[in-house]
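Quick notes on the structure that follows.
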Amino acid sequence: MNIIFMGTPDFAVPSLRALLEEGYNVTTVVTQPDRPKGRKRVLTPPPVKVEAEKHGIPVLQPEKLRQADSVEVLRGLQPDLIVTAAYGQILPKAVLDLPAHGCINIHASLLPKYRGGAPIHHAVLRGESVTGVTIMYMATGLDTGDMISKVELPIEDTDTTGTLFEKLSIAGADLLKRTLPDLLAGRIQAVPQNEAEAIYSPNIRREDELIDWSRSAVEIWNQVRGLNPFPGAYTLWNGEVMKVWASANPRHTAEPRSRSFAGSPAPGTVLGSSEQGIEVMTGEGTLWLTEIQPAGKKAMPVSEFVRGVQIAPGTAFGSAKEATT
């Protein structure tokens, strides 16, 4: 049984380890090319490549998998099964047709919800209470293949995209261990996806990161934790970008200070600041910011920030409209 594993980020590493721990013959790992990272733009290998090299597994890093020469290399490896997890490229039909047991993908959502490249981000951004992992047969469409197995995980109030990334990567590896014996024995009855329930989760764009204070406090709270630890939500303060890394659940915070203002403060208005946080008016309710990163500074708790800087009540944080004019 020859298995080719395809994956790139940390999310895929537990699944590769699971295959090796279970004694499967992973003959080759396919991952994205090394990329420059950090301020010094140091050429850095993907985490999956690092893991594969620890175990002496040959690694392929084609720039484009759909090129004819890449397909021929894979054909020559005679795979019986291809397993993918966050690989980052769409597999062409010529590759999908190679293995006798097909190509399967470990996807970080409960399909057909959140197909696409950023399923974890979008589940948090939309305020979902449950997410999970789906293992599916791969097809020519974007995450459209028949579903083989699933596992559900709750999204806790304390979760961010970062914490769920780790939880789901482990859940996906465990699900893979449980699924493969039945799949290889021909005992799987795959289930087609319901297209009417499909939701797509495209990669995060720069405009998705900007806080629109006219939205509700709950929506912005979801945005902040949904973009933590990458790429981060931000607002404008004194004309400069200020990242917002954490905020308090608005369902569990104290009464707002807005009574001290004449009339109703506009969304984005600072109502007050203390070691507890910076309280900001939104389109519905108030939101307490608890961890921020002013321009040119490191990320810090607001309790540390307010010891050196005070943001006066009435200060207006930049809106989406102001940021684009």
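The values are calculated or read from the model by the stated rules, or taken from the named source; none is laboratory data. Computed from a predicted model, the values in this text were never measured in an experiment. When we count neighbours, we look across all protein chains shown, and the Cβ atoms used for this are built from the backbone with ideal geometry, even at glycine. Protein only, heavy atoms only, side chains kept; ligands, DNA and RNA dropped before computing areas. Shrake-Rupley method; radii C 1.70, N 1.55, O 1.52, S 1.80 Å.
Points worth noting:
- Sorting Glu219, Glu51, Glu197 on solvent-accessible area from highest to lowest, probe radius 1.4 Å, gives Glu197, Glu219, Glu51.
- Carbon-plus-sulfur accessible fraction, the range 80-139 (probe radius 1.4 Å, protein heavy atoms only): 53%.
- Based on alpha carbons, the Rg and Dmax found for the chain are 22.9, 75 Å.
- Ratio Rg/Rh, restricted to the range 136-187 and using Cα atoms, in which Rh is the Kirkwood radius: 1.06
- In the range 179-228, the inverse of the mean reciprocal separation of distinct Cα atoms equals 14.9 Å; this is its Kirkwood hydrodynamic radius.
- Note on Arg206 and Asp182: their simple-model spin labels are 4.7 nm apart, each label 7 Å out from Cα toward Cβ.
- Residues whose placed amide H lies under 5 Å from that of Met136, excluding near-sequence neighbours: Asn105, His107, Ile148
- Sequence-distant residues sharing a close amide H with Gly268 (under 5 Å, placed H): Met281, Thr282
- 3J(HN,Hα) from dihedral phi, the range 91-97, Karplus parametrisation 6.51/-1.76/1.60, rounded to Hz, x for glycine, proline: 7, x, 4, 4, 7, 4, 7
- Average accessible surface area per residue within the chain, 1.4 Å rolling probe, Å²: 47 Å²
- Annotation for the range 157-214 versus the range 47-62: alpha-carbon center distance of 24 Å.
- Between Arg126, Arg215, Arg39, the GNM of the chain built on Cα springs shorter than 10 angstrom shows Arg39 fluctuating the most.
- Beta bridges by DSSP in the chain, antiparallel share as percent, to the nearest 5: 65 percent
- Among Val224, Val280, Val306: highest mean-square fluctuation, GNM of the chain, C-alpha pairs under 10 Å: Val306
- Hz values of 3J(HN,Hα) by residue in the range 43-50 - Karplus curve (6.51, -1.76, 1.60), Gly and Pro given as x: 5, 10, x, x, x, 5, 4, 4
- Spatially close Lys pairs in the chain, defined by Cα atoms under 19 Å apart and a spacing of eight or more places or different chains, total 14.
- The solvent-accessible area of Ile170, taken with every protein chain present and a 1.4 Å probe, is close to 80 Å².
- Computed over the chain, the per-residue total of -39500 (n - 2.57) for DSSP H runs of n ≥ 4 gives a 222 nm mean residue ellipticity of -7000 deg cm²/dmol, rounded to 500.
- To put it simply, the accessible area of the range 157-271 at a 1.4 Å probe is 51 percent carbon and sulfur.
- Computed over the chain with a Gaussian network model linking Cα atoms closer than 10 Å, the most mobile of Lys167, Lys37, Lys64 is Lys37.
- Cα-based shape type of the range 1-117, given that a ≥ b ≥ c are square roots of the gyration tensor eigenvalues and the cut on a/c is 1.5: rounded
- Modelled FRET efficiency - R0 41 Å, Gln78 with Asp10, Cβ distances, 0.05 increments: 0.90
- Difference of contour (0.36 nm per residue) and Cα-Cα distance, Ser274 to Val42: 79.5 nm
- Working note: Karplus 6.51/-1.76/1.60 with θ = phi - 60° gives the range 159-172 the couplings 6, 10, 4, x, 5, 5, 3, 5, 4, 6, 5, 6, 4, x Hz, where Gly and Pro are set to x.
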